[in-house]
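Some notes on the structure that comes next.
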Amino acid sequence: MSTLNILEISQLIKQYPDTTAVAGINFNVPEGSCFGLLGPNGAGKTTTIELLEGLIKPTSGSILYRGKPLGDDFRQQAGIQFQSTALQDFLTVRESLELFHQLYDHRLPLQQVIEMCDLGELLDRDNRKLSGGQRQRLLLAIALVNDPQVLFLDEPTTGLDPQARRNFWELIQRIKDDNKTILLTTHYMEEAAVLCDQLIIMDSGKIIAEGTPDDLLNSHFEDVIVELPSDLLPESLPTELQQQVLHRNDLIEFASNDVNQLIVSLQSMQVPLQQLRIRSRTLEDLFLQLTGKELRA
Amino acid sequence: MMRRFLALLQARNMEFLRDKSSLGWNVAFPILLVFGLAAIFSGDSRPMFRVSVLTTPAELAKKTDSGPGEHRFLQDPFIQFTEVSDQQLAIGDVRLHKSDLLFDPTSNHYWINLSSEKGHHLEAILLGASSTSPQRLEVSGDPVRLIDWLMPGILGMNMMFSCLFGVGYIVVRYRKSGFLKRLNATPTRAVEFLAAQILSRLLLIMALTVAVFIGTNLFLGFRMEGSYWLLFVTACLGAMALISMGLVVSARVSSEELAGGLLNFVTWPMMVLSDVWFSMEGSHPVMVAISKALPLTHLMQASRAIMLDGAGLAEIMPNLIVLATMTLVFLGLGSWWFRWQGD
């Protein structure tokens with residue numbers, strides 16, 4: 001990852017007649033990084049990414065690509081995958097790829113893109129007859145035909161089954177290994193944790209946290225989570241334990257700075273510990289703490 | 001730029017040609033109409049004898065009614081008399097069997113078509129009703145069958161629907177589905193996309209129209225007095241005007257329902273007022289003025305003039321100028337209003 005910023009965003013505002021979708025945000029995207037935009041529905045992340053893609057004009061603020069306003073160079077060097085994109089009907093996978101391949105001046109050999117996205121066996125299939133995962137691979141391949149310097153992925157794995165999602169992550173990882181800059185929006189915290197070098201969390205059009213995933217977690221949490229099935233514990237807990245309870249439904253979650261002391265307390269209450277689990281804090285915990293909202297599609 | 005244009009053109013052509021149901025309908029619809037109407041109107045159903053009566057423009061202007069004159073022949077209630085002032089035009093009507101006989105009471109001349117059965121009957125009636133023998137002048141020419149008159153209308157109507165819906169509706173569908181948004185994320189310029197849509201539709205509609213014309217002509221032998229090349233150029237220009245009109249309708253709309261409504265709003269007046277099924281000649285001046293403002297009217301008038309009257313470039317030039325002007329105006333408006341994404 002380079003120290004140069006491929007995208008510099010300052011005081012970016014997008015206002016609609018009835019709402020402010022993006023409310024004056026500032027951030028930089030380092031070249032060669034995978035940069036995540038996280039947030040719940042309505043947070044403004046799709047509007048932000050469409051502003052960065054140059055598809056909509058900001059009300060005010062600036063977006064610089066390699067130090068210059070978005071222009072023809074950016075169009076030639078950006079690869080974009082929308083949440084959902086319709087392609088022309090009655091075209092095969094090969095023809096859809098060829099169409100977009102012809103739209104750029106600088107192009108990767110089509111065969112390389114086909115191999116990268118594992119589309120070899122699908123080339124003669126009508127693009128309307130692809131499964132969700134196959135379609136996402138085609139849309140990613142279309143976003144890669146111009147060997148982009150910056151790749152925008154807007155919720156690329158929404159709606160995919162876990163297997164297809166993990167396959168997609170492997171694909172993104174390979175693109176990352178080629179030192180491409182990736183801007184990724186996602187609802188899946190696990191996805192952000194696996195793929196993103198840096199991220200921002202948005203809510204109501206504003207950035208509420210930013211940094212690397214580890215930095216964000218370390219700066220907000222010093223504790224770990226201890227989980228047990230709820231029915232193993234009495235309804236009424238001693239005060240020192242009650243103060244550590246984070247959640248209680250089927251599972252009871254304790255947020256603890258001293259796991260040893262917590263286990264001693266549980267043992268003293270003769271709580272069986274066979275099903276006890278200890279986990280680190282996650283980005284989802286962070287988001288819940290920051291906004292009180294769940295990250296759902 | 002040319003590479004992007006050609007890629008978009010090829011993709012749109014493939015999409016159209018592989019949509020078998022749509023392609024089939026574009027071919028079958030005009031063929032069914034031409035043969036259906038040819039069968040329905042194969043007999044001569046005109047109930048009356050039609051006589052043109054030559055008079056001077058000044059006398060014609062003075063007339064407050066169109067009743068027959070003093071000559072006994074002109075009192076016959078079973079003959080439809082129409083007063084005309086342009087002798088050459090009136091003789092042309094006799095030649096084309098639009099009129100069964102032309103009579104000039106002033107000079108006591110009459111013109112009949114040698115191949116007109118009704119003309120011979122009218123001649124006998126005229127001679128019987130005249131105290132002095134009028135002088136006979138002969139013209140020749142085959143009759144214009146109703147199907148000869150209707151055929152340009154049917155092909156023109158098919159072109160109108162195909163051009164307007166084939167461009168207007170498709171662009172709206174692309175916008176609604178997000179395909180235009182995806183193209184907008186590439187270096188493609190609006191002019192490249194629009195030019196590809198226009199040329200694709202022009203090539204395909206002209207190929208289909210020529211094929212339908214040749215195919216039906218083999219069986220029905222349409223009257224063709226003028227130049228096929230001039231007819232082709234006229235059809236191309238008409239198609240361009242209609243395609244451009246479709247671009248204006250689809251420039252910003254992203255609802256297929258609204259697009260359908262707007263396209264019907266512009267196609268139905270043309271169906272009724274553009275000489276597709278009947279001539280607007282003699283209609284109320286306001287209706288004639290509206291008719292003249294529609295591109296299909298000029299396509300109809302020019303193509304019929306070429307096919308039925310043998311008109312040359314000079315005669316149809318006014319129609320071609322109107323079609324070219326409309327094309328430029330609609331293209332300008334459509335390009336100016338065009339948006340990749342809906343409002």
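Coordinate-derived values only; no laboratory data. Computed from a predicted structure; not experimentally measured. Quick reminder, even Gly has a Cβ in these numbers, built from the backbone with ideal geometry, and neighbours come from all protein chains shown.
Excluding residue B:187 itself, what net charge comes from residues whose Cβ is under 15 Å from its Cβ, given Lys and Arg +1 and Asp and Glu -1?
Once positives and negatives cancel, what remains is +1.
Quick one: if the Förster radius is 51 Å, what FRET efficiency do residue B:28 and residue A:230 give, using the C-beta to C-beta distance and rounding to 0.05?
For residue B:28 and residue A:230, the calculated efficiency is 0.15.
Taking the simple approach of a point 7 Å from Cα along Cα-to-Cβ for both residue A:243 and residue A:23, what is their distance in nm?
For residue A:243 paired with residue A:23, the spin-label model returns 3.4 nm.
Can you tell me which lysines have their Cα less than 18 Å from the Cα of residue B:118? Leave out same-chain residues fewer than eight positions away.
Filter leaves B:98.
Enumerate the residues in the stretch A:158-172 having an amide nitrogen under 17 Å from the point lying 7 Å beyond the Cα of residue A:115 toward its Cβ.
Counting only backbone N, you get A:171.
What length, rounded to one decimal in nm, is gained on full extension from residue B:6 through to residue B:88, with 0.36 nm per residue of separation minus their alpha-carbon distance?
24.5 nm
Taking the Cα atoms only, what angle lies between the long axis of helix A:132-144 and the longest principal axis of chain A, rounded to 10 degrees?
Here the helix axis deviates by roughly 50 degrees.
When the Kirkwood radius is taken over all Cα pairs of the stretch B:49-139, what Stokes-Einstein diffusion coefficient follows at 25 °C and 0.890 mPa s, in µm²/s?
Here the translational diffusion coefficient equals 189 µm²/s.
Could you give the angle, 0 to 90 degrees to the nearest 10, between helix A:259-268's Cα long axis and the longest principal axis of the Cα atoms of chain A?
The two axes meet at around 40 degrees.
Report the local net charge at residue A:84: Lys and Arg +1, Asp and Glu -1, summed over other residues whose C-beta lies under 14 Å from its C-beta.
+2
Give me Rg over Rh for chain B, both radii from the alpha carbons and Rh done the Kirkwood way, two decimal places.
With Rg and the Kirkwood Rh in hand, the quotient comes to 1.08.
Determine which residues of the stretch A:156-176 fall in the zone a paramagnetic label at residue A:280 would reach in this model, i.e. backbone nitrogen under 14 Å from the point 7 Å along Cα→Cβ.
No residue qualifies, since no backbone N sits under 14 Å from the label point.
Near residue B:312, within a Cβ-to-Cβ distance under 15 Å, what is the net charge of the other residues, with Lys and Arg +1 and Asp and Glu -1?
With Lys, Arg at +1 and Asp, Glu at -1, the net is -2.
Compute the length gained on full extension between residue B:70 and residue B:218: take 0.36 nm times their separation in residues and subtract their Cα-Cα distance, giving the result in nm to one decimal.
48.4 nm
Please report how many Lys pairs in chain A have alpha carbons closer than 18 angstrom, counting only residues at least 8 apart along the chain or sitting on separate chains.
Close lysine pairs under the 18 Å cut-off: 9.
Where the centre of each part is set by its Cα atoms, how far does the stretch A:209-283 sit from the stretch A:90-147, in angstrom?
Cα centres, the stretch A:209-283 to the stretch A:90-147: 47 Å.
If you split all Cα-Cα distances of the stretch A:1-85 into 10 Å bins from zero, what percentages do you get per bin, shortest first?
Taking all Cα pairs of the stretch A:1-85, the binned fractions are 16, 51, 30, 3 percent.
If amide H atoms are built 1.01 Å from N in the plane of the peptide, which residues on other chains or at least 5 residues away come under 5 Å of the amide H of residue A:83?
It is A:154, by chain and number.
Could you give the length gained on full extension between residue A:131 and residue A:197, defined as 0.36 nm per residue of separation minus the Cα-Cα distance, in nm?
Additional length available on full extension: 20.8 nm.
Quick check on the protein assembly as shown: what does the Kirkwood estimate of hydrodynamic radius come out to from the alpha carbon pairs, in Å?
Computed over the protein assembly as shown, the radius equals 30.7 Å.
If you line up the long axis of helix B:2-18 against the longest principal axis of chain B, both from Cα atoms, how many degrees apart are they, to the nearest 10?
The angle comes out at about 70 degrees.
Mind pulling up the Rg/Rh value for chain A? Radius of gyration and Kirkwood radius, both on Cα.
1.06
Any chance you could get the radius of gyration and Dmax over the Cα atoms of the stretch A:222-280, in Å?
Cα-based Rg and Dmax for the stretch A:222-280 come out at 10.2, 27 Å.
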